[in-house]
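Colleague: Supplied in structure tokens, the structure appears directly below.
The values are calculated or read from the model by the stated rules, or taken from the named source; none is laboratory data. These numbers were taken from a predicted model, which means no experiment stands behind them. As a convention, Cβ positions derive from the backbone with ideal geometry for all residues, glycine included, and neighbour counts pool all protein chains shown.
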């Protein structure tokens, strides 16, 4: 029984030492994103993969939230004849809907427990054909992510997608 007390004390000391060495990850409350790649599926569909970090873990919309705006926005850009990427603006558009955006709603992924920091990847499925405007042969996207507190991430630009005529 005496040896059991010593073993218990030694295990407790080792456990405290090990726990003190574990560093909590610390990120700012605003999301930070990076473009990773496109994952293609044949010649007509793809996922756009981005990595993210968020310090307070409030990424994604809560269940039942049908009124919030999309939290992942992808702005469509096309290469014009001068080789410059421009947002697509429909000629007969209204002021509120003149630039083409793809919007996505992310499910709540807030971790349970005390530490709320998040990092991971989001795959945004590019819409079914056409994901581009006919006549555009090279496109890319500008992407931003918004958390539930309203913090916008940095903006990232994807690689170009070359579309066969």
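Colleague: Please determine, by comparing only the residues of the stretch 65-76 that are farther than 13 Å from residue 146 by Cβ and either at pLDDT 85 or above or touching a strand residue (DSSP E or B) at 6+ places or on another chain (Cβ under 7 Å) (or both), which one is surrounded by the most Cβ atoms within 10 Å (Cβ to Cβ).
Modeller: By that ranking, first place goes to 76.
Colleague: Residue check, residue 82 against (1) under 25 Å from the mean Cα position of the chain (by Cα); (2) modelled with pLDDT of 80 or more, all met but one. Which one?
Modeller: For residue 82, the failing item is (1).
Colleague: To continue, here is another question. Out of the residues in the stretch 107-136 that are over 20 Å from the mean Cα position of the chain (by Cα) and surrounded by 13 or more Cβ atoms within 10 Å (Cβ to Cβ), which is modelled with the highest pLDDT?
Modeller: Checking each candidate, the answer is 136.
Yes or no, residue by residue, for (1) within 16 Å of residue 152 (Cβ to Cβ); (2) surrounded by fewer than 18 Cβ atoms within 10 Å (Cβ to Cβ); (3) modelled with pLDDT under 90:
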site: 11; (1), (2), (3): no, yes, yes
site: 17; (1), (2), (3): no, yes, yes
site: 28; (1), (2), (3): yes, yes, yes
site: 34; (1), (2), (3): yes, yes, no
site: 39; (1), (2), (3): no, yes, yes
site: 45; (1), (2), (3): no, yes, yes
site: 50; (1), (2), (3): yes, no, no
site: 56; (1), (2), (3): yes, no, yes
site: 59; (1), (2), (3): yes, no, yes
